[in-house]
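Since the structure comes first, as C-alpha cells, the remarks are kept for the end.
The values are calculated or read from the model by the stated rules, or taken from the named source; none is laboratory data. No experiment lies behind these values; they were computed from the predicted model shown. Don't worry about glycine lacking a Cβ; one is built from the backbone with ideal geometry, like all the others, and counts go over all protein chains shown.
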Amino acid sequence: MINRRKFLRHSVLSTGAILLAQQLNAKSKLEVKLPLVISTWAPNVKANKAAWEILSKSGRAIDAIEKGVMVTEADPEDTSVGYGGLPDRDGRVTLDACIMDELGGCGSVMCIENIIHPVSVARLVMEKTPHVVLVGEGAYAFALQQGFKKENLLTPNSEKIWKEWLKSSKYNPMETMKHMKEKRAPGSIDNHDTIGMLAMDVNGNLSGACSTSGMAFKMKGRVGDSPIIGAGLFVDNEVGAATATGVGEEVIRICGSHTGVEEMRYGKSPREACQIAVERMYKLRKNNLNDMQIGFIAVNKSGEMGAFALREGFNYCYRIGEGVDVVKDAEFLLKN
Ligand code: ASP
C-alpha cells in the first residue's frame with residue numbers, strides 16, 4: 001500500500017525538483033534532463049518507479065513502459081486494472097490494454113480473460129503478429145501460445161464487491177466508481193483507476209501503454225477507450241504522446257488521445273492539448289456527462305508534460321531529474 005505522504009507533492013518538492021518542474025511547465029523550448037515517465041493517477045508512482053529502473057539505465061522507453069504497467073496489473077488492491085480488477089456483470093474479469101512504441105508499432109488486446117499481463121500480450125501482438133488488435137478468445141489463445149499462464153483474476157475482495165452489486169444490479173458508471181472507492185480498505189489510497197503511462201527515454205524516444213479492467217459491472221463484451229489506438233492512447237514519436245482515463249465511451253467519441261497529439265503537432269502545449277480534448281468532448285456531450293470524469297495526460301517531444309480533466313479529482317504522477325516523484329492534481333473544466 002502506498003502512503004501518499006511519501007510522495008513529493010508540488011508543494012514540498014526539493015529545490016532542484018521545483019526548478020525542473022517549473023521548466024517543465026514553461027511554454028518555451030525546454031532543456032529537460034531525460035528520461036521521464038508520467039502516469040495517470042497518484043498510486044502509479046510505484047509503476048513509474050519500476051519504469052525508471054529501465055529508463056535510468058538508458059533502456060528503451062517501450063521496455064520501461066511495459067515493466068511499469070505490469071506493476072499495476074499485478075496489484076490486487078487496484079480494482080480497475082489487471083489482477084483484482086472488478087468483473088463485468090456476469091462476474092468475469094475481462095481486461096483491455098494497448099501499447100505503442102517509437103517506431104509506429106502498436107498492439108492491443110481487448111476483452112482478454114485469465115491473463116494477468118495484457119500489456120505484455122499487446123506488446124507481443126505488436127511485435128510477433130501482422131495485426132494490431134486481438135480480441136477475446138483469440139487474444140487468450142495467442143497469449144497461451146506465447147507461454148502466458150491461465151490465472152484466476154477475480155480476488156475474494158472483487159468477488160465480494162460484485163456480489164453486493166448484484167443485489168441492486170444498477171449500472172451507472174460513476175455510481176459504480178464511487179461504490180468501488182467506498183469499498184476500499186481503510187487507509188487505501190483514493191483514485192485508483194486505469195493506468196495510462198507515457199515515457200521518454202534518454203534518446204528522446206517516446207512510448208506509451210494503457211491497461212484496464214474497464215468499467216466495473218459492464219455488459220459482457222464491452223470495450224472502452226483504453227485498448228483503442230487513438231482513443232485511450234496515442235504516440236507519435238515526432239510530436240508527443242497522450243493517454244486517457246475515465247468513461248471510455250466519451251473518449252472514443254472524440255478519439256481523445258489522438259486529438260491531444262494533433263493539437264501538440266500544431267503547437268499547443270501538452271496541458272493545452274489535454275484541455276482542448278476535454279472541451280471538445282464537453283461541447284459535443286455536455287448534456288450527457290452528468291457525474292462523469294474524464295482525464296488526459298500528455299507529453300511533447302521537448303519533454304514538457306501536462307494534464308487536464310473534466311472535473312476535480314483527477315491526479316497524475318511523474319518521475320523526472322534524478323528520480324524525483326511528483327504528484328499533481330490536474331486542472332479541470334467544470335468548476336462547480
Ligand atoms: N477508460 C476506462 C474504460 O472506459 C476506464 C477508466 O479509465 O476508469 O474502460
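Criterion applied to 81, 69 was being outside any loop (DSSP other than H, G, I, E, B) and β-branched (Val, Ile, Thr), and the one residue passing it is 69. Residue 250 meets all of the listed conditions (1) part of a strand (DSSP E or B); (2) in contact (Cβ under 8 Å) with a residue 40 or more places away in the chain but one, namely (1). Within the stretch 206-226, if we keep just the residues that are away from the ligand (no atom under 12 Å from the Cβ) and under 19 Å from the mean Cα position of the chain (by Cα), the residue that is farthest from residue 137 (Cα to Cα) turns out to be 206. Taken together, the residues in the stretch 71-86 that are within 13 Å of the ligand (Cβ to nearest atom) and more than 25 Å from residue 126 (Cα to Cα) amount to 3. Residues in the stretch 93-111 that are within 15 Å of the ligand (Cβ to nearest atom) and farther than 14 Å from residue 210 by Cβ: 93, 94, 111.
When residue 282 is tested against (1) aromatic (Phe, Trp, Tyr); (2) buried (at least 24 other Cβ atoms within 10 Å of the Cβ); (3) assigned to a helix (DSSP H, G or I), only condition (2) is not met.
The residues of the stretch 231-250 that are more than 13 Å from the chain's Cα centre (by Cα) and either surrounded by fewer than 24 Cβ atoms within 10 Å (Cβ to Cβ) or within 9 Å of the ligand (Cβ to nearest atom) (or both), listed by number, are 236, 237, 238, 239, 249, 250.
Yes/no matrix, rows are residues, columns are (1) in contact (Cβ under 8 Å) with a residue 40 or more places away in the chain; (2) of a type in the set (S, T, N, Q); (3) not in a helix (DSSP H, G or I):
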site: 267; (1), (2), (3): no, no, yes
site: 277; (1), (2), (3): no, no, no
site: 286; (1), (2), (3): no, no, no
site: 292; (1), (2), (3): yes, no, yes
site: 298; (1), (2), (3): yes, no, yes
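Looking at the stretch 116-125, can you tell me whether even one residue there is surrounded by fewer than 24 Cβ atoms within 10 Å (Cβ to Cβ) and more than 18 Å from the chain's Cα centre (by Cα)? Yes, the stretch 116-125 has at least one match. Within the stretch 67-79, which residues are at pLDDT 95 or above and polar (S, T, N, Q)? Passing the criteria: only 72. When 175, 137, 159 are checked against the criterion of being at pLDDT below 95, of a type in the set (D, E, K, R) and not in a loop (DSSP other than H, G, I, E, B), 175 stands alone in meeting it. With respect to the conditions (1) within 20 Å of residue 246 (Cα to Cα); (2) without any contact (Cβ under 8 Å) to a residue 60 or more places away in the chain, residue 80 lacks only one, and its number is (2). For beta carbons closer than 8 Å, sequence separation of 6+ or different chains, a first residue in the stretch 306-320 that is over 22 Å from residue 46 (Cα atoms) and part of a loop (DSSP other than H, G, I, E, B) and a second that is modelled with pLDDT of 95 or more and aromatic (Phe, Trp, Tyr), the qualifying pairs are 310/282; 310/332; 311/332; 312/332.
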